[in-house]
Amino acid sequence: MTSQAADGLSITRQPASKATSIWRDVPMERWNDWHWQMRHRITTAEEIARVVPMTPAEQRTIERALERFRFAIPPYYASLIDPDNPTCPIRLQAVPGEGELLVGDFDIEDPLNEDGDAVAPGMTHRYPDRVLWVVMHECAMLCRHCTRKRKVGGGPTAITDSQLDAGIAYLRSHPEIRDVLLSGGDPFLLSDAKIGHILQRIRNEVPSVEVIRFGTRVPVTMPQRVTPELVGVLQRFHPIYVNTHFTVPGEFTPESEWALRLMADAGIPLGNQTVLLRGVNDCWALMRKLMHKLTANRVRPYYIYQCDLAEGLEHFRTTVAKGIEIMEHLRGHISGLAVPTFVVDAPGGGGKIPVHPNYVVSQHEHKVVLRNFEGRIVAYEEPRDYTGMCSEGRPCSYCREISRDGTDTVGVAGLFDDDPHNISLVPAAVAAEVEVETAEAAVERSA
């Protein structure tokens, strides 16, 4: 295997996975071309049966699953499947199974309410200062555990000019948004020119946006797409961040590591979001090794997600307790740099809720009792005469700046405001009912 070349992926000797696959005779020049990978994706039960030994019953299961959800695997990722292991974690993520035919009692078509929170085509504004913007409806591989599998891979794929105009208009009218996450599908499947056009419009027309992030899985499933040309486009619009999605250590190959290195060398901070999946990675030792592989490749572990309540995913879901157990084996046992946050993305659009072991044992007025990862119990004495830089009635310059901007502090944080009327959180539906009742009472009093 040769070293990285300046003009592209320079792997001229066959990787072992390719050499033992049905693509062994494909020239490396084609194998390293992401367009070739896309054109030759596996999309039928007959094609996957050439890669993985299957019984007729298993093929029929795939065909039935395809009546509900789409299916595509690039040759590169398919070559990583262990054909002799029916529970290969690469296979479980890529090949439709019987579990997808089942809809659980608590499954939800749009579990994160992204459509309900849409503010422009493909754009969801849930958190105060950032938006999610789906700019592509196609992926290199259609992951079996995808939250958006109901819509990815069908219909119009790339964002249109009119949709782009609508999204830009929304961002311009909401200067509180400083962070835009471009997602999909997979935004890296857009052409270099299209990606550059989107980035240029955001940078030129929406000065309030400071950070642009990409959510992509192509470094894992089709690393050939990460080319010097693509990275050159991204470099022109810094600060650019890229979050990817490695799930198991076996997804690290010379090709995927090359893609990560190309982006890291270009000054692009890299993060990783892993979904906790039953039978795939629900093991603390596997997760620990995955975190080591990520940080060794300059990728910061960002989140471990509890699997969402999307339709056809019940067979992938673990208990939340399993996630907490895994976190117990990470915090303190490996570098803090390598420890992600375990989150439940709340159904109904509630957002990401961090879940972790309880390290606070007890507390009273001036003392907090804590425990560490070893189980050692310690007491931390708090200062008895503490006065913060932002005391009641005397906000600091940063607080005054936010106050001048008219930005409201929402959620639990808002309860810390020095406002005697802001002492409780009321669900929106209840608040609306109270408003109606108050208005009706006012009408009755005036009658």
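Would you mind stating whether Tyr305 is open to solvent by 60 Å² or more (accessible area, probe 1.4 Å), in contact with a strand residue (DSSP E or B) (Cβ under 7 Å, 6 or more places away or on another chain) and not aliphatic (A, V, I, L, M)? Here the answer is no, as Tyr305 does not meet what is asked. If you filter region 340-351 down to residues that are open to solvent by less than 50 Å² (accessible area, probe 1.4 Å) and assigned to a loop (DSSP other than H, G, I, E, B), you find that the one that is farthest from Gly116 (Cα to Cα) is Pro340. The C-beta contact set for region 392-409 (first residue more than 16 Å from Arg178 (Cα to Cα), second residue in a helix (DSSP H, G or I) and at pLDDT below 80, distance under 7 angstrom, 6+ apart or interchain) comprises Pro395/Ser403.
Pull up region 38-53, narrow it to residues that are assigned to a loop (DSSP other than H, G, I, E, B) and touching a helix residue (DSSP H, G or I) at 6+ places or on another chain (Cβ under 7 Å), then point me to the one that is nearest to Ser191 (Cα to Cα).
Initially, region 38-53 is screened for residues assigned to a loop (DSSP other than H, G, I, E, B), giving 40-41, 43-44, 50-53.
Of the ones still in play, those that are also touching a helix residue (DSSP H, G or I) at 6+ places or on another chain (Cβ under 7 Å) are 40, 51-52.
Working: His40: 18, Val51: 29, Val52: 32 Å.
This residue is His40.
Does Ile212 fit the bill of being farther than 27 Å from Ile81 by Cα, part of a strand (DSSP E or B) and not basic (Lys, Arg)?
yes
Residues that are touching a helix residue (DSSP H, G or I) at 6+ places or on another chain (Cβ under 9 Å), surrounded by 13 or more Cβ atoms within 10 Å (Cβ to Cβ) and not in a helix (DSSP H, G or I) within region 320-339 comprise His333, Ile334, Val339, listed in sequence order. Of all residues in region 96-134, count the ones that are modelled with pLDDT of 80 or more, exposed (fewer than 15 other Cβ atoms within 10 Å of the Cβ) and in contact with a Leu (Cβ under 7 Å, 6 or more places away or on another chain). Residues that pass the stated criteria total 0.
Scanning region 352-373 for residues that are under 16 Å from Val320 (Cβ atoms) and either surrounded by 15 or more Cβ atoms within 10 Å (Cβ to Cβ) or touching a residue at least 24 places away in the same chain (Cβ under 8 Å) (or both) yields Lys352, Val355, His356, Pro357.
One residue stands out in region 18-37 among those that are of a type in the set (Phe, Trp, Tyr) and in a helix (DSSP H, G or I): the one that is least open to solvent (accessible area, probe 1.4 Å), namely Trp31. Scanning region 43-71 for residues that are of a type in the set (Asp, Glu), modelled with pLDDT of 85 or more and over 15 Å from Leu92 (Cα atoms) yields a count of 3.
May I ask you to say which residue of Ser183, Ser162 is among the small types (Gly, Ala, Ser), open to solvent by 20 Å² or more (accessible area, probe 1.4 Å) and not in a loop (DSSP other than H, G, I, E, B)? Spell out the reasoning first.
Values: Ser183 fails: open to solvent by 20 Å² or more (accessible area, probe 1.4 Å).
Only one candidate passes the filter, namely Ser162.
Those strands (runs of 3 or more DSSP E) of region 237-311 in which at least 2 residues are closer than 29 Å to Thr12 by Cα, considering only elements entirely within it, cover 240-244, 270-276.
The values are calculated or read from the model by the stated rules, or taken from the named source; none is laboratory data. What you see is a predicted model, and the numbers here were worked out from it, not measured in a lab. Every residue, glycine among them, receives a Cβ derived from its backbone with ideal geometry; neighbour counts consider all protein chains shown. To get the accessible areas, we keep the full protein, side chains included, count just its heavy atoms, and leave off ligands, DNA and RNA. Shrake-Rupley method; radii C 1.70, N 1.55, O 1.52, S 1.80 Å.
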